[in-house]
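S.K.: I have a structure here, written as structure tokens, and I will follow up with some questions on it.
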Amino acid sequence: MKQTALFLTSLIVIAMGCNTETKVKPGITKKDWGETDGKKVQLFSLTNKNGVEVKIATYGGTITSWSVPTKDGNRADIVLGFDTLGGYLAKPPYFGATIGRYGNRIADGKFTIDNTTYTLATNNGKNHLHGGIKGFDKVIWDAAPVVDSVPTLILSYISKDGEEGYPGNLKSIVQFSLTDDNELVITYDAQTDKATPVNLTNHSYFNLTGDISNSILGHKLLINGSNYTPVDSTLIPTGEIKDVKGTPFDFTTMHTVGERIADVKGGYDHNFVLNKATDPLPLMAVLTDTVSGRTLEVYTTEPGIQFYSGNFLDGKIKNRDGKPINQHSALCLETQHFPDSPNKPGFPSTILKPGEKYHTITKYKIKF
Ligand code: GLA
């Protein structure tokens, strides 16, 4: 009897040990979050003085949760996600993940640099999407928590020459900082030893209502982009840069997502060409849920934003709270260079050369 009790107690202690959150720095905790590929995964949490909490897993450099206090004393999680690693190992469509080496599509998984043609893994029909079969969203990143005036998590990953078909060893560093102004600043840096396309982004799916049974069709959206890049039936840009004026793509003034979505075949899944700005980190998109009063502002150094209205979500996956993730349960605002740039000489270049430094910043500010 005594022995059983002792045994049970030690089991509980061991179990607790696995899930214990350790405070590693002011505003940063860390816990073991399971294992995959024979490597341990950790979950970090960054918090600020206003009670905003962002959780980031070393698997995929994934934002698993991003929550804010509500007026009634509860919390609202504004992104899709799971509380366990298992949810991510089941390969959901990039929930919260860091995307690389190349965010979005490369036509036929092929491109040519200096007369050499490279063939990438194709994982979206005949095209390459979001870095391939095992992109940066499915690898384990090395983590270093630091307090660089604000709680910060630095993730790094070395992608080997030939990985998913890409040339060159690419070292990427993605830094997440949470400020007391309720901003999550994500800085992306990379360097290579052979010329390669690079286009890093984050694939968080937002629903500012905090309850995914409310669709995002009622959210109001503004995008500071007077042009967009039209696509073919496989979502590869045609190469045109088209004026949004008079089209359902005109979000230069606020519109609800649902207002004109029926006029866009398949829903929004398009790259917006952001207007030139003098500010080094300009405000490029604003998303609002008028019911809760929550607003997300997106600032970026990138020339484009992929606005994806969650068209392929189909209710088969359940969110952390067990609710089905239906079509338009959440939307993405992926800051990026334009899709298929390696094959579109008219688009800003995405080729990083040895000796060059890739450096982009995206800042999300949540007002609640
Ligand atoms: C991006 C793409 C979409 C889709 C999602 C993931 O937003 O543009 O077409 O692939 O990722 O499902």
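Quick grid of which residues meet (1) within 30 Å of ASP72 (Cα to Cα); (2) buried (at least 16 other Cβ atoms within 10 Å of the Cβ); (3) in contact with a strand residue (DSSP E or B) (Cβ under 6 Å, 6 or more places away or on another chain):
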residue: PHE251; (1), (2), (3): no, yes, yes
residue: LEU281; (1), (2), (3): no, no, yes
residue: MET284; (1), (2), (3): no, yes, yes
residue: ILE305; (1), (2), (3): no, yes, yes
residue: ASP321; (1), (2), (3): yes, no, no
residue: GLU334; (1), (2), (3): no, yes, yes
residue: GLY355; (1), (2), (3): no, no, no
residue: TYR364; (1), (2), (3): yes, yes, yes
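S.K.: If I ask for residues that are within 20 Å of the chain's Cα centre (by Cα) and either over 21 Å from VAL244 (Cβ atoms) or modelled with pLDDT under 95 (or both), which ones from the range 341-361 would you list?
M.R.: Residues satisfying the conditions are THR350, TYR358, HIS359, THR360, ILE361.
S.K.: Please verify whether the range 102-114 includes one or more residues that are at positive phi, in contact with a helix residue (DSSP H, G or I) (Cβ under 6 Å, 6 or more places away or on another chain), modelled with pLDDT of 95 or more and in a loop (DSSP other than H, G, I, E, B).
M.R.: Of all residues in the range 102-114, those at positive phi come to 104, 108-109, 114.
Keeping just the survivors that are in contact with a helix residue (DSSP H, G or I) (Cβ under 6 Å, 6 or more places away or on another chain) gives none.
Within the range 102-114, none of the residues are at positive phi, in contact with a helix residue (DSSP H, G or I) (Cβ under 6 Å, 6 or more places away or on another chain), modelled with pLDDT of 95 or more and in a loop (DSSP other than H, G, I, E, B).
S.K.: Output the number of the condition that GLY132 fails; it satisfies all remaining conditions of (1) in contact (Cβ under 8 Å) with a residue 24 or more places away in the chain; (2) in a loop (DSSP other than H, G, I, E, B); (3) more than 16 Å from the ligand (Cβ to nearest atom).
M.R.: Answer for GLY132: the failing condition is (3).
S.K.: Another question, if that's okay. If you take just the strands (runs of 3 or more DSSP E) that sit entirely in the range 177-247, which of them hold at least 3 residues that are within 29 Å of ASN127 (Cβ to Cβ) and β-branched (Val, Ile, Thr)? I'd like the intermediate steps shown before the answer.
M.R.: Details: elements: 183-192, 220-223, 227-229.
Answer list for the range 177-247: 183-192.
Residue-by-condition table, conditions (1) of a type in the set (Lys, Arg); (2) in contact (Cβ under 8 Å) with a residue 12 or more places away in the chain; (3) within 22 Å of ILE361 (Cβ to Cβ):
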position: LYS49; (1), (2), (3): yes, yes, no
position: PRO69; (1), (2), (3): no, yes, no
position: LEU80; (1), (2), (3): no, yes, no
position: TYR94; (1), (2), (3): no, yes, yes
position: ALA97; (1), (2), (3): no, yes, yes
position: ALA107; (1), (2), (3): no, yes, no
position: ASN115; (1), (2), (3): no, no, no
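S.K.: Further, regarding this structure: Within the range 92-129, restricting attention to residues that are away from the ligand (no atom under 14 Å from the Cβ) and among the β-branched types (Val, Ile, Thr), which residue is surrounded by the fewest Cβ atoms within 10 Å (Cβ to Cβ)?
M.R.: THR117
S.K.: For TYR228, state whether it is away from the ligand (no atom under 16 Å from the Cβ), more than 25 Å from GLY81 (Cβ to Cβ) and in contact (Cβ under 8 Å) with a residue 24 or more places away in the chain.
M.R.: The answer is no for TYR228.
S.K.: Another question, if that's okay. Which count do you get for residues in the range 41-67 that are out of contact with any strand residue (DSSP E or B) (no Cβ under 6 Å at 6 or more places or on another chain) and surrounded by fewer than 16 Cβ atoms within 10 Å (Cβ to Cβ)?
M.R.: The number of residues fulfilling the criteria is 2.
S.K.: Related question: If LYS276 satisfies every condition in (1) under 17 Å from the mean Cα position of the chain (by Cα); (2) more than 14 Å from PRO92 (Cα to Cα); (3) not hydroxyl-bearing (Ser, Thr, Tyr) but one, which is the exception?
M.R.: Tallying (1) under 17 Å from the mean Cα position of the chain (by Cα); (2) more than 14 Å from PRO92 (Cα to Cα); (3) not hydroxyl-bearing (Ser, Thr, Tyr), LYS276 fails exactly one: (1).
S.K.: Take the residues in the range 95-118 that are among the hydroxyl-bearing types (Ser, Thr, Tyr) and touching a Leu at 6+ places or on another chain (Cβ under 9 Å); name whichever of them is farthest from PRO354 (Cα to Cα).
M.R.: Per the stated criteria, the residue is THR98.
S.K.: To continue, here is another question. Here are some residues: SER159, SER149. Which one is over 20 Å from the mean Cα position of the chain (by Cα), closer than 20 Å to ILE56 by Cβ and of a type in the set (Gly, Ala, Ser)?
M.R.: SER149
S.K.: Are there any pairs with C-beta distances below 7 angstrom linking a residue in the range 233-249 that is under 25 Å from LYS110 (Cβ atoms) and without any contact (Cβ under 8 Å) to a residue 24 or more places away in the chain to a residue that is within 16 Å of the ligand (Cβ to nearest atom) and of a type in the set (Asp, Glu), with the two at least 6 apart or on different chains, and if so which?
M.R.: Matching pairs, first to second residue: THR238/ASP232.
The values are calculated or read from the model by the stated rules, or taken from the named source; none is laboratory data. What you see is a predicted model; the values in this text were computed from it and never measured. Counting neighbours? That spans all protein chains shown, and the Cβs are built from the backbone with ideal geometry, glycine included.
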